[in-house]
């Protein structure tokens, strides 16, 4: 017999309705800021091993803040400074060319590109008047504020994850899935794989930046003063960050740099072209082929299949835009661990266990010691 409405626990129905409503609201916020949250997740996993070392000597909150201030914040400042200088130096035509090239890869159209909009504002405004200066400055501040807001949100997400991840883990084990249950094993394996891949990316950035620093400063020691690389350390750091972009890697920095030096050498003395040519060859070997063929497989893909990781890095930005660079590996790890732990049992109608039953060699083992 169907129970009457009066027999139903109305309080429980009301609570479930409230829970569903709040879940929908959170889902909307996550969807609207998915790139920012994924960036925050990347910063968290990329800096977590360093935070664990600092935590041996500092309280949790202090170590989390120190990690972000010492590692993540300078990286964002460097990238932002380079972008601002590039906007100023390239001019509207140069920015449009770069935006078109990046848009074909990262899924950004010119109409949605804030950099292009800033250049359009600067080109259409009479900067010779006080009102023109104010208008241009307001547009520049709006552009910078929008980017800064997303960076701040990502850093806040990373900070609280670093500070409270132990509490989140305890809550998960006490209320969702205890240790030894399949869902706990799945979450543990995902957590370990993301830590390996994202922190591997941070290590790759550091190694490529160090190699680029040696290459650029070494070139300045050997080349004539007229062909010296400007701000070699900053360009080396930018080359390291460019290593995040699959296939492209350091090309986005050293190719324009060598073309710039080649143009200077050709105007001064064509015999000097040997210097930019040698620089290009060294950069191709040390800042391009070495990271892609040797460093990345051994750092970012030690546990997850290297080919799948590279495919995720290539297809992620193509499908989702700039944040696909971090979202693609996240989807890869979620899917791979589902196949390893639960998919075989699900298609055969068996009970899901916390043990890996498929593709044992391409992902983290949830049963192993952390």
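The values are calculated or read from the model by the stated rules, or taken from the named source; none is laboratory data. For clarity, every value in this text was computed on a predicted model and none was experimentally measured. Here the Cβ positions follow ideal geometry from the backbone for every residue, glycine too, while neighbour counts run over all protein chains shown.
Miscellaneous remarks
- Taken over the range 20-44, the residue count meeting the criterion of being assigned to a helix (DSSP H, G or I) and touching a helix residue (DSSP H, G or I) at 6+ places or on another chain (Cβ under 8 Å) is 12.
- Restricting attention to the range 337-358, the residues that are crowded, with 16+ Cβ neighbours inside 10 Å and either touching a strand residue (DSSP E or B) at 6+ places or on another chain (Cβ under 9 Å) or over 16 Å from residue 183 (Cα atoms) (or both) total 0.
- Residue in the range 268-279 that is within 27 Å of the chain's Cα centre (by Cα), at pLDDT 85 or above, crowded, with 18+ Cβ neighbours inside 10 Å and farther than 30 Å from residue 182 by Cα present: no
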